[in-house]
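Asker: After the structure tokens below, expect a handful of questions from me.
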Amino acid sequence: MMRIVRSTGWSKSVWLNCCLLALATLAPALQAQENGKRLALIIGNDAYPISPLKNAVNDARAMDKALRSAGFQTVTLENARKADMDRAIGEFLDKLGPDDTALFFFAGHGVQIENENFLVPVDFPSVATISAAKFACMSVARIFDELKRKRAKRNILILDACRSNPVAAKYSLEAGLANPQDAPGESFVAFSTGPGQTAADNPNGRDSWFTEALADYISQSALTVELNEVFTRVKKRVSEATEGRQTPWTTSSLTSRFYFHLPPTGDSDSDSTLAEKWMADARVREQREEWSEAIDLVNQVLQRKPGGALETLARNKLPYLTARKDALARFEAGDYAAAASSYEQALKLDPFAMDAALQGVNTYLLQDHLPEAIVLLKSMRLRGTSEALQTADQMLKQLAAVSPEAANEVQSGVPQPPPIEEVFSGTHFGVPDWDAGKRHLQATQVDITRWTKELKMEVPMPALLAVAAAPAQAPAVAENTLQAPAEAPPDHADDAQVAAVSNAIFHVEVVPTGDTRNLRLRADAAEEFGYVQFDGPAGETPVLFAGKQVVLPTKLKLPAGKYEIRTVDEGKVVNRQDLEVAPLSTQTYKVKRP
Amino acid sequence: MKYLALTLLLAICATAANWTDRKEYDLVLAIRAETSPQARLALLDQWKAAYPKSEFGQVRRELYLSVYQALGDSPQTLSVAGEMLAAQPDSAVGAYWFTLLLPEEKAASPEQLALGEKASRQLLADPKPAAGVERMAHRTLGWIHWQRNEYTQAEAEFEKCLQLDPAAAEISAWLGTVLATEQQPDKRVPALWQLARASAYQDSGALPDGLRRQSGEVLERLYTAYHGDTGGLDQLRSAAAAAPFPPAGFDVESVAAAALRKQDEELSRTNPQLAAWVRLRQKLEAPDGDKYFAETLHNNPLPKLKGTLIKADPPGKPNELTIGVIDPAQAEIVLKLATELPNDADAGAVLEFEGTVDSFVKSPFGLTVTTDPSKISGWPAAPVASPPVPKGGHK
């Protein structure tokens, strides 16, 4: 009977299923806003033996989908028994950490007993006393107590459980839910209607008025408003839908702002694609004939002044939506003449709005205004789909009995459809949408890591002279090489810097151990030298030879002969290696720290 | 004007196009009504499959382009823009989007680069381009040259970009990367400047925080390698944040220049004569060394120097001496004497000399100086002959 639906969080398919817009770009922002998790427990109970409901399970499913789109990890129970609810709540509480946001949603029957609220499981038994009834239900106070103990960052408790119910009736209890007592700190509590009042199921919808509105707003990725503002909108919408009979109720002790959807940078002004998202949402609203919502979104787009095709589209769309809203309002008020006029106006603004045309036809026919209705039917034949054309033809055939004009229209044959430019009026084919490009450039940055990660700026060291007082005895250092002096190296270092190195830091010494050739007597002695390449950490380790110093990596030009390479650390020789330098040879020595 | 004409031409072409049948029209109306980009894409695919030869092919591509754009699928948008250019080489929409999106392509083919260059140049050919288009075209051209390792052209394009939009920190990052990639000594400081600007500039046009931080890390790494440490890096950042290009004469001392400077300071203190010779030699070995020789040194007196004799020719009474000044074994100066010296000297003799600079060879380095024996000191005197030993020995 009961079904548990679990989601473990961010999966691509969930995102794709949940929203049409590029929500993936919002995910990092949500993570940036909150270090903790977003966890939701959702329960929807329809299958009560007495007084079953028809929308609560749908409500739970709608909330599950909406909350997942807002980054919540959800656990959803459908038609839960008392034991199921106890266990699920326990597991839910166990998952909560101090940085987390906990959201508990219940749709089903709820009851207040002695000023305390209880949620009714589907296996609520027939009990004789109020006390027994309490034990058979889930106590909201108990949930509050557990939430207090867990100290989550914030707790959001939403109860769509204010319907008239069998428990209340059986024990002659007060209707609706009680004002919540002793809610935990950092909590937000919402009821589908005010305390002590009852809410109606939505007889024509799949969901209750309250949950339908709430899930809808939570699903809107572009609706980047704070939690309280979301509920302000829910209250307005439910109140309008129920003509004031039901107004959701909220109370909050939250000290931090909470957003179901946050713009990428946390600052909506910096998201250049937000206007596009709003416009996409507006089009969805338009299709659902939610004119007020669509108008709000289009106005938001226009306030942002996105320029280009998007702004043109929004500017053109606004009077159309307004005309449709007016038409509906006037039609519902019974002012058919004004409604028909508004429908006609809407059709002028969007000649392909066949539903407006049809509504207009019906509204004119209600007033027996045949010529006006036929004009709209002609429009349907000209611009509508084959289906709209068939509908128009059928209506014209019926009207042909009383209207020669209708008969003529039917006999005139199928008109040629308008050119494609007319179908997509407002779109300038062949002309780039410069502003869309600009928005794309603002929103997209090319990652250049692949080019920069290998970049180097090593500067070749120039030929440096070891500074000495006597110029004729100063040995030369070729580029990155230290050449041995012509004379035999002195036994002592005459350079204070070299002395300091010798005494203290890690370094390498090159010490002749046998005869080296006396080059002083040779005019051209290039073939009497060999080379030793010293490799190791660049710039760190000095190499000393003949009282002179260079740093790694370096190539020493040494008179041919025998040497000992000493690695010295803190004044002690930690490694020795013999090396024989042959004329014109090149060897490599790797310096390793102990 | 070209765009206007093109637009009109397209309009005429589009007007002339006809629906294949009513079902095609129905399909297009369904596409028009669809609000979900994914569903719209599916309908476009359906249209394409059912009417592959539709007269509205280019319009259909444009609709594809807008759908992929709405889906944030840049590779597909680029691909459609390429198709538009293939179908109509002067397509303004194709050229615009291809130019705009090409730099996002991670591994652009040579063909794509060629098409991107053509598209960019087409946009630049418009005498009255829309705002930002010229900058965007130079951005892409620079990027294309960069991918082809044509760094000088890439630099030129990015510089044009920065002249058009000095706030474009993205271009500063690209230009800095190109300059650093070149590994040319004279481009290192401009590279550091551009990377500093990319990482420090924070007004409108700045890089997003993540990329700014990345640029900053690259800058610090390169700056440390170049300068030896991070000293002066903050000043560089501040200066670069205020201007897109370095002021004339701006320099950052490299670790090599610092070493040379320290050497010069030390030599000037301990051995000014040698310091002067090292400076002179550096000037002669610089790229404009020949010019310096001709204008400053030739036929002028050489300051007094000390050096080591390497070779004296001809033996016996030499009139040409080869001297090493820095390296006692490396010939640097040849002294040509007006008159010969009276005797030989061993290699290794330390001489002090002066003279007039005659000629210069850069590689292998050699300076020829004319002088005469009176201007050379340290030449050993001829050994005194031993008195003959009388025959018969001692009495």
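FYI, it's all coordinate maths here, none of it is from the lab. Being a predicted model, the structure only gives us computed values, none of them experimental. With ideal geometry, Cβ positions are generated from the backbone for all residues, glycine too; neighbour counts draw on all protein chains shown.
Asker: If you build a Gaussian network model of chain B, linking Cα atoms that sit under 10 Å apart, which residue out of B:P364, B:P127, B:P318 swings the most?
Answerer: It is B:P364.
Asker: Quick one: what Rg and Dmax do you get for region A:319-422 from the alpha carbons, in Å?
Answerer: Gyration radius and largest Cα-Cα distance of region A:319-422: 13.4, 38 Å.
Asker: Here's something else I'd like to know. Determine the calculated [θ] at 222 nm for chain B from helices alone, applying -39500 (n - 2.57) to every DSSP H run no shorter than 4 residues and normalising by the residue count; nearest 500 deg cm²/dmol.
Answerer: Using -39500 (n - 2.57) per qualifying helix, the result is -17000 deg cm²/dmol.
Asker: Could I ask something else about it? Tell me, what is the percent relative contact order of region A:319-422, built from C-alpha pairs under 8 Å that lie six or more residues apart?
Answerer: Contact order relative to length: 18 percent.
Asker: May I have the convex hull volume per residue, in Å³, for the Cα set of region A:298-360?
Answerer: 69
Asker: Using the number of other C-beta atoms within 10 angstrom as an exposure proxy, rank A:F104, A:F331 with the fewest first.
Answerer: A:F331, A:F104
Asker: Let me ask something additional. Find the centroid of the Cα atoms in region B:162-178 and in region B:73-121, then give the distance between the two in whole Å.
Answerer: So the separation of the two Cα centres works out to 22 Å.
Asker: Can you find, among B:A95, B:S377, B:P314, the residue sitting farthest towards the positive end of the charge dipole of chain B, where Lys and Arg contribute +1 and Asp and Glu -1 at Cβ?
Answerer: B:P314
Asker: Report, ordered by chain and residue number, the lysines lying within cross-link reach of A:K153, taken as a straight Cα distance under 16 Å and ignoring same-chain residues fewer than 8 apart.
Answerer: Those lysines meeting the cut-off are A:K37, A:K95.
Asker: Follow-up. In percent, how large is the relative contact order of region B:206-355, given Cα pairs closer than 8 Å and 6 or more residues apart?
Answerer: Taking the mean separation of contacting Cα pairs over the length of region B:206-355, I get 15 percent.
Asker: Give the aspartates and glutamates whose C-alpha is closer than 16 Å to that of B:K362, dropping any in the same chain fewer than 8 places away, or say none.
Answerer: B:K362 reaches B:E285, B:D288, B:D290, B:E295, B:E332.
Asker: What do you get for the angle between helix B:209-227 and the principal long axis of chain B? Use alpha-carbon atoms, 0 to 90 degrees, nearest ten.
Answerer: Between helix and principal axis, roughly 10 degrees.
Asker: Taking the beta-carbon count within 10 Å as an exposure proxy, list B:I31, B:I144 from fewest neighbours to most.
Answerer: B:I31, B:I144
Asker: If the cut-off is 16 Å between C-alpha atoms, which aspartates and glutamates fall inside it for B:K291, apart from same-chain ones fewer than 8 positions away?
Answerer: Once the sequence-local aspartates and glutamates are set aside, what remains near B:K291 is B:D358.
Asker: Could you give me the radius of gyration and the Dmax of region A:363-406, taking only the C-alpha atoms into account and expressing both in angstrom?
Answerer: 9.8, 27
Asker: For chain B, treating each Cα as an identical point scatterer without solvent, what Debye log10 I(q)/I(0) comes out at q = 0.15 1/Å?
Answerer: -1.23
Asker: Once the cut-off is 14 Å, how many percent of the Cα-Cα pairs in region B:174-238 end up in the long-distance tail?
Answerer: Percentage above 14 Å: 53.
Asker: Same structure again: Rank these for me by crowding, A:D216, B:D358, going from fewest to most other beta carbons within 10 Å.
Answerer: Lowest to highest Cβ neighbour count: B:D358, A:D216.
Asker: For region A:400-440, count all C-alpha to C-alpha pairs, find those more than 11 Å apart, and express that count as a whole percent of the total.
Answerer: I get 76 percent for the Cα pairs in region A:400-440 exceeding 11 Å.
Asker: Hey, another quick one. Hey, what does the equivalent ellipsoid look like for region B:164-301, semi-axes from the Cα gyration tensor as sqrt of 5 times each eigenvalue, largest first, whole Å?
Answerer: Largest first, region B:164-301 gives 37, 17, 11 Å.
Asker: Among A:P319, A:Q367, A:P306, whose Cα lies farthest out toward the positive end of the dipole of region A:288-395, if unit charges sit on the beta carbon of Lys, Arg (+1) and Asp, Glu (-1)?
Answerer: Of A:P319, A:Q367, A:P306, it is A:P306.
Asker: For each pair in A:K325/A:K348; A:K555/B:K187; B:K187/B:K262, compute the distance between the two Cα atoms and list the pairs where it is over 19 Å.
Answerer: The pairs that break the limit, which is 19 Å between Cα atoms, are A:K555/B:K187; B:K187/B:K262.
Asker: If Rh is defined by the Kirkwood formula over all Cα pairs and Rg also comes from Cα, what ratio Rg/Rh do you get for region B:288-377?
Answerer: The Rg/Rh ratio comes out at 0.96.
Asker: Between the alpha-carbon centers of region B:134-156 and region A:229-256, tell me the distance in whole angstrom.
Answerer: For region B:134-156 versus region A:229-256, the Cα centre distance is 56 Å.
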